[in-house]
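The values are calculated or read from the model by the stated rules, or taken from the named source; none is laboratory data. This structure is a prediction, so every number in the text was calculated from the model and none was measured. Cβ placement follows ideal geometry from the backbone for every residue including glycine, while neighbour counts extend to all protein chains displayed. For the accessible areas, the whole protein counts, side chains as well, though only heavy atoms, and no ligand, DNA or RNA atoms are used. Shrake-Rupley method; radii C 1.70, N 1.55, O 1.52, S 1.80 Å.
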Amino acid sequence: MSQNLLADPDAVARVVEAAGPHDLVLEPGAGEGVLTQALAETCGQVVGYEIDPLLAGKLAARTSCDERIRVVRGDFLAARAPREPFAVAGNIHYGITSKIVDWCLRAPALTSATLVTQLEYARKRTGDFGRWSMLTVRTWPWYRWELLDGIGREAFRPVPAVDSAILRIERRTVAPGQAALGQAPPDLPGYRDFVEYGFTGLGGSLHATLRLRHPADRVEAAFATAGVAPDAVVAHVHPDRWRVLYEHLHR
(Lines give C-alpha, C1' and ligand atoms only; values in the text may rest on other atoms or scores of the structure.)
Protein backbone atom coordinates (compact mmCIF):
# COMPACT_ATOMS: atom_id res chain seq x y z
CA MET A 1 0.00 0.00 0.00
CA SER A 2 3.06 2.25 -0.50
CA GLN A 3 3.44 2.74 3.25
CA ASN A 4 6.81 3.58 4.75
CA LEU A 5 6.97 1.56 7.96
CA LEU A 6 8.72 2.98 11.01
CA ALA A 7 11.58 0.60 11.76
CA ASP A 8 14.02 2.49 14.00
CA PRO A 9 13.50 1.64 17.73
CA ASP A 10 14.70 5.06 18.86
CA ALA A 11 12.22 6.82 16.57
CA VAL A 12 9.43 4.55 17.83
CA ALA A 13 10.33 5.40 21.43
CA ARG A 14 10.25 9.12 20.65
CA VAL A 15 6.79 8.85 19.12
CA VAL A 16 5.49 6.94 22.16
CA GLU A 17 6.98 9.51 24.52
CA ALA A 18 5.47 12.36 22.51
CA ALA A 19 2.05 10.69 22.54
CA GLY A 20 2.08 10.11 26.29
CA PRO A 21 -0.08 7.66 28.26
CA HIS A 22 -3.80 7.40 27.49
CA ASP A 23 -6.64 5.07 28.39
CA LEU A 24 -7.60 4.70 24.73
CA VAL A 25 -5.49 5.28 21.61
CA LEU A 26 -6.49 4.84 17.98
CA GLU A 27 -3.62 4.17 15.58
CA PRO A 28 -4.08 4.86 11.84
CA GLY A 29 -1.98 2.58 9.68
CA ALA A 30 -0.70 0.08 12.23
CA GLY A 31 1.41 -1.73 9.61
CA GLU A 32 3.54 -4.46 11.16
CA GLY A 33 2.64 -3.29 14.67
CA VAL A 34 5.99 -1.96 15.86
CA LEU A 35 4.42 1.26 17.11
CA THR A 36 1.21 -0.52 18.13
CA GLN A 37 3.00 -2.77 20.58
CA ALA A 38 5.13 0.08 21.91
CA LEU A 39 2.04 2.21 22.55
CA ALA A 40 0.42 -0.69 24.41
CA GLU A 41 3.22 -0.54 26.97
CA THR A 42 2.08 2.91 28.13
CA CYS A 43 -1.62 3.00 27.20
CA GLY A 44 -4.62 1.09 28.41
CA GLN A 45 -6.10 0.10 25.04
CA VAL A 46 -4.69 0.50 21.53
CA VAL A 47 -6.94 0.05 18.51
CA GLY A 48 -4.80 -0.35 15.41
CA TYR A 49 -6.39 0.25 12.00
CA GLU A 50 -4.71 -1.36 9.00
CA ILE A 51 -6.23 -1.32 5.51
CA ASP A 52 -3.74 -3.83 4.07
CA PRO A 53 -5.38 -7.21 4.73
CA LEU A 54 -2.09 -9.12 4.77
CA LEU A 55 -0.46 -6.81 7.33
CA ALA A 56 -3.66 -6.62 9.38
CA GLY A 57 -3.97 -10.40 9.48
CA LYS A 58 -0.38 -10.91 10.58
CA LEU A 59 -0.65 -8.25 13.28
CA ALA A 60 -3.95 -9.63 14.57
CA ALA A 61 -2.44 -13.11 14.83
CA ARG A 62 0.71 -11.83 16.53
CA THR A 63 -1.22 -9.84 19.16
CA SER A 64 -4.21 -12.14 19.64
CA CYS A 65 -3.23 -12.89 23.24
CA ASP A 66 -2.62 -9.24 24.17
CA GLU A 67 -5.81 -7.78 25.64
CA ARG A 68 -4.37 -4.28 25.32
CA ILE A 69 -4.41 -4.43 21.51
CA ARG A 70 -7.29 -4.71 19.07
CA VAL A 71 -6.65 -4.79 15.34
CA VAL A 72 -9.28 -3.49 12.94
CA ARG A 73 -8.95 -4.62 9.35
CA GLY A 74 -10.19 -1.52 7.59
CA ASP A 75 -9.83 2.14 6.79
CA PHE A 76 -9.25 4.45 9.75
CA LEU A 77 -11.02 7.26 7.90
CA ALA A 78 -14.21 5.21 7.91
CA ALA A 79 -14.05 4.67 11.67
CA ARG A 80 -16.58 6.21 14.03
CA ALA A 81 -14.90 8.37 16.65
CA PRO A 82 -15.29 7.07 20.22
CA ARG A 83 -17.58 8.98 22.55
CA GLU A 84 -15.18 8.69 25.47
CA PRO A 85 -11.93 10.68 25.60
CA PHE A 86 -9.30 9.19 23.30
CA ALA A 87 -6.05 10.03 21.54
CA VAL A 88 -4.73 9.28 18.07
CA ALA A 89 -1.13 8.28 17.46
CA GLY A 90 0.46 6.83 14.37
CA ASN A 91 2.90 6.82 11.49
CA ILE A 92 0.41 7.87 8.85
CA HIS A 93 0.43 7.53 5.08
CA TYR A 94 1.76 10.77 3.58
CA GLY A 95 -0.91 10.83 0.88
CA ILE A 96 -3.83 11.06 3.32
CA THR A 97 -2.29 13.27 6.00
CA SER A 98 -4.81 16.09 5.51
CA LYS A 99 -7.75 13.68 5.63
CA ILE A 100 -6.54 12.11 8.88
CA VAL A 101 -5.95 15.53 10.46
CA ASP A 102 -9.44 16.64 9.42
CA TRP A 103 -10.90 13.45 10.93
CA CYS A 104 -9.14 14.18 14.21
CA LEU A 105 -10.29 17.80 14.32
CA ARG A 106 -13.91 16.72 13.80
CA ALA A 107 -13.87 14.22 16.68
CA PRO A 108 -15.50 15.85 19.76
CA ALA A 109 -13.81 13.55 22.30
CA LEU A 110 -10.28 13.72 20.85
CA THR A 111 -7.72 14.89 23.39
CA SER A 112 -4.63 14.82 21.17
CA ALA A 113 -3.20 13.52 17.92
CA THR A 114 0.49 12.61 17.68
CA LEU A 115 1.28 11.94 14.04
CA VAL A 116 4.39 11.13 12.07
CA THR A 117 4.04 13.26 8.95
CA GLN A 118 6.24 14.67 6.25
CA LEU A 119 8.57 17.26 7.77
CA GLU A 120 7.31 19.90 5.34
CA TYR A 121 3.70 19.34 6.39
CA ALA A 122 4.55 19.62 10.09
CA ARG A 123 6.56 22.79 9.52
CA LYS A 124 3.74 24.32 7.48
CA ARG A 125 1.12 23.68 10.15
CA THR A 126 3.21 24.87 13.09
CA GLY A 127 4.51 28.15 11.67
CA ASP A 128 8.05 26.81 11.42
CA PHE A 129 8.50 28.47 8.00
CA GLY A 130 7.59 31.82 9.54
CA ARG A 131 4.16 31.53 7.92
CA TRP A 132 0.90 30.26 9.36
CA SER A 133 -1.61 28.16 7.44
CA MET A 134 -5.30 28.96 7.46
CA LEU A 135 -6.11 25.61 9.10
CA THR A 136 -3.80 26.35 12.02
CA VAL A 137 -5.11 29.88 12.52
CA ARG A 138 -8.73 28.76 12.22
CA THR A 139 -8.34 26.11 14.93
CA TRP A 140 -5.79 27.84 17.18
CA PRO A 141 -8.17 28.91 19.98
CA TRP A 142 -9.08 25.26 20.52
CA TYR A 143 -6.00 23.28 19.43
CA ARG A 144 -2.26 23.65 20.03
CA TRP A 145 -0.07 22.68 17.06
CA GLU A 146 3.55 21.69 17.78
CA LEU A 147 6.44 20.23 15.82
CA LEU A 148 8.10 18.11 18.49
CA ASP A 149 10.92 16.30 16.76
CA GLY A 150 12.34 15.41 13.38
CA ILE A 151 12.69 11.84 12.11
CA GLY A 152 15.19 11.14 9.36
CA ARG A 153 14.16 9.14 6.32
CA GLU A 154 16.59 6.36 7.29
CA ALA A 155 14.24 5.40 10.16
CA PHE A 156 11.73 3.92 7.67
CA ARG A 157 11.49 0.86 5.48
CA PRO A 158 11.37 1.31 2.58
CA VAL A 159 13.31 4.57 2.85
CA PRO A 160 11.17 7.49 1.63
CA ALA A 161 12.44 10.42 -0.42
CA VAL A 162 11.80 12.99 2.33
CA ASP A 163 12.33 13.42 6.06
CA SER A 164 9.50 13.23 8.58
CA ALA A 165 8.57 14.82 11.89
CA ILE A 166 6.39 14.28 14.94
CA LEU A 167 3.42 16.62 14.77
CA ARG A 168 1.28 16.97 17.89
CA ILE A 169 -2.19 18.49 17.84
CA GLU A 170 -3.53 18.89 21.37
CA ARG A 171 -6.99 20.04 22.38
CA ARG A 172 -6.67 22.99 24.71
CA THR A 173 -8.16 22.74 28.19
CA VAL A 174 -7.51 26.43 28.86
CA ALA A 175 -7.50 29.39 26.50
CA PRO A 176 -4.19 30.43 24.88
CA GLY A 177 -2.21 32.59 27.31
CA GLN A 178 -4.70 32.01 30.13
CA ALA A 179 -3.26 28.93 31.83
CA ALA A 180 -2.65 30.77 35.12
CA LEU A 181 -6.29 31.85 35.20
CA GLY A 182 -7.64 28.46 34.22
CA GLN A 183 -9.93 29.92 31.58
CA ALA A 184 -11.50 27.38 29.25
CA PRO A 185 -11.18 27.75 25.45
CA PRO A 186 -13.76 30.31 24.32
CA ASP A 187 -16.85 30.06 22.21
CA LEU A 188 -16.07 32.42 19.35
CA PRO A 189 -19.10 32.54 17.02
CA GLY A 190 -18.04 33.42 13.51
CA TYR A 191 -14.30 33.16 14.24
CA ARG A 192 -13.64 30.45 11.67
CA ASP A 193 -15.53 32.38 8.97
CA PHE A 194 -13.59 35.50 9.96
CA VAL A 195 -10.28 33.71 9.43
CA GLU A 196 -11.37 32.15 6.14
CA TYR A 197 -12.46 35.54 4.83
CA GLY A 198 -9.20 37.14 5.93
CA PHE A 199 -7.24 34.54 3.99
CA THR A 200 -9.13 35.23 0.74
CA GLY A 201 -6.85 38.18 0.04
CA LEU A 202 -9.66 40.04 -1.70
CA GLY A 203 -8.19 43.38 -0.71
CA GLY A 204 -4.60 42.41 -1.46
CA SER A 205 -3.63 42.32 2.25
CA LEU A 206 -5.36 41.31 5.47
CA HIS A 207 -5.77 44.95 6.46
CA ALA A 208 -7.35 45.88 3.13
CA THR A 209 -9.51 42.75 3.06
CA LEU A 210 -10.98 43.43 6.51
CA ARG A 211 -11.73 47.02 5.50
CA LEU A 212 -14.12 45.63 2.88
CA ARG A 213 -16.35 44.36 5.71
CA HIS A 214 -15.59 46.66 8.64
CA PRO A 215 -15.33 50.43 9.12
CA ALA A 216 -11.84 51.73 8.39
CA ASP A 217 -11.40 53.34 11.81
CA ARG A 218 -12.26 50.08 13.60
CA VAL A 219 -9.82 48.12 11.44
CA GLU A 220 -7.09 50.66 12.19
CA ALA A 221 -7.79 50.41 15.92
CA ALA A 222 -7.89 46.60 15.79
CA PHE A 223 -4.50 46.39 14.07
CA ALA A 224 -3.02 48.85 16.54
CA THR A 225 -4.36 46.85 19.50
CA ALA A 226 -3.11 43.57 18.04
CA GLY A 227 0.30 45.04 17.24
CA VAL A 228 -0.01 44.04 13.58
CA ALA A 229 1.42 46.29 10.87
CA PRO A 230 -1.14 47.36 8.24
CA ASP A 231 1.06 45.96 5.47
CA ALA A 232 1.58 42.59 7.16
CA VAL A 233 1.25 39.56 4.87
CA VAL A 234 -1.78 37.55 5.94
CA ALA A 235 0.17 34.32 6.53
CA HIS A 236 2.72 36.15 8.69
CA VAL A 237 0.14 37.20 11.30
CA HIS A 238 0.51 35.02 14.40
CA PRO A 239 -2.65 33.07 15.39
CA ASP A 240 -2.78 34.88 18.75
CA ARG A 241 -3.02 38.21 16.87
CA TRP A 242 -5.96 36.91 14.83
CA ARG A 243 -7.88 36.40 18.06
CA VAL A 244 -7.28 40.04 19.06
CA LEU A 245 -8.39 41.28 15.65
CA TYR A 246 -11.53 39.18 15.80
CA GLU A 247 -12.50 40.32 19.29
CA HIS A 248 -11.92 43.99 18.49
CA LEU A 249 -14.01 43.84 15.29
CA HIS A 250 -16.83 41.78 16.80
CA ARG A 251 -17.61 43.76 19.92
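Counting only protein heavy atoms and a probe of 1.4 Å, the accessible surface of the range 144-251 is 50% carbon and sulfur.
Couplings for the range 210-216, taken from phi via the Karplus curve 6.51 cos²θ - 1.76 cosθ + 1.60 with θ = phi - 60°, read 5, 5, 6, 10, 10, x, 4 Hz in order; Gly and Pro are left as x. Measuring nothing but how far apart in sequence close Cα pairs (under 8 Å, 6+ apart) lie, relative to its length, the chain scores a relative contact order of 15 percent. Phi angles across the range 129-140 convert, under the Karplus curve 6.51 cos²θ - 1.76 cosθ + 1.60 with θ = phi - 60°, into 3J(HN,Hα) values of 8, x, 10, 10, 7, 4, 4, 5, 4, 5, 9, 4 Hz, Gly and Pro given as x. Both radii were evaluated on the Cα set of the range 185-247; the Rg over Rh quotient, with Rh as the Kirkwood radius, amounts to 0.92. Where both bridge residues fall in the chain, DSSP classifies roughly 50% of the beta bridges as antiparallel. From the alpha carbon centroid of the range 79-108 to that of the range 188-234 is 31 Å. Annotation: per residue accessible area for the chain equals 48 Å², rounded to a whole number [probe 1.4 Å, protein chains only]. Sequence-distant contacts, meaning Cα pairs under 8 Å at least 6 residues apart, place the relative contact order of the range 107-246 at 24 percent.
Rg over Rh for the range 99-241 works out to 1.02, using Cα positions for both radii and the Kirkwood form for Rh.
Report, in degrees rounded to the nearest 10, the 0 to 90 angle that the Cα long axis of helix 239-249 makes with the longest principal axis of the chain. The two axes meet at around 40 degrees. Computed from Cα atoms, the angle from the helix 9-19 axis to the main principal axis of the chain rounds to 50 degrees. Close amide H pairs (under 5 Å, H built 1.01 Å from N) link Ile151 with Ser164, Ala165, Ile166, residues at least 5 positions away or on another chain.
Overall, the range 82-229 carries a charge dipole of about 200 debye about its Cα centre when +1 sits on the Cβ of Lys and Arg and -1 on the Cβ of Asp and Glu, all other atoms neutral.
Along the range 148-156 the Karplus relation, 6.51 cos²θ - 1.76 cosθ + 1.60 evaluated at θ = phi - 60°, assigns HN-Hα couplings of 8, 6, x, 10, x, 4, 5, 7, 10 Hz to successive residues, with x for each Gly and Pro. Mind pulling the angle between the C-alpha long axis of helix 53-62 and the longest principal axis of the chain? Nearest 10 degrees, somewhere in 0 to 90. The two axes meet at around 60 degrees.
Sorting the segments 108-117, 191-200 by their mean number of nearby beta carbons within 10 angstrom, highest to lowest, gives 108-117, 191-200.
Taking one quarter of the surface of the C-alpha convex hull of the chain gives a mean projected area of 14.6 nm².
With kT/(6 pi eta Rh) evaluated at 10 °C and eta = 1.306 mPa s, and Rh the Kirkwood radius from Cα pairs, the range 1-135 diffuses with a coefficient of 105 µm²/s according to Stokes-Einstein.
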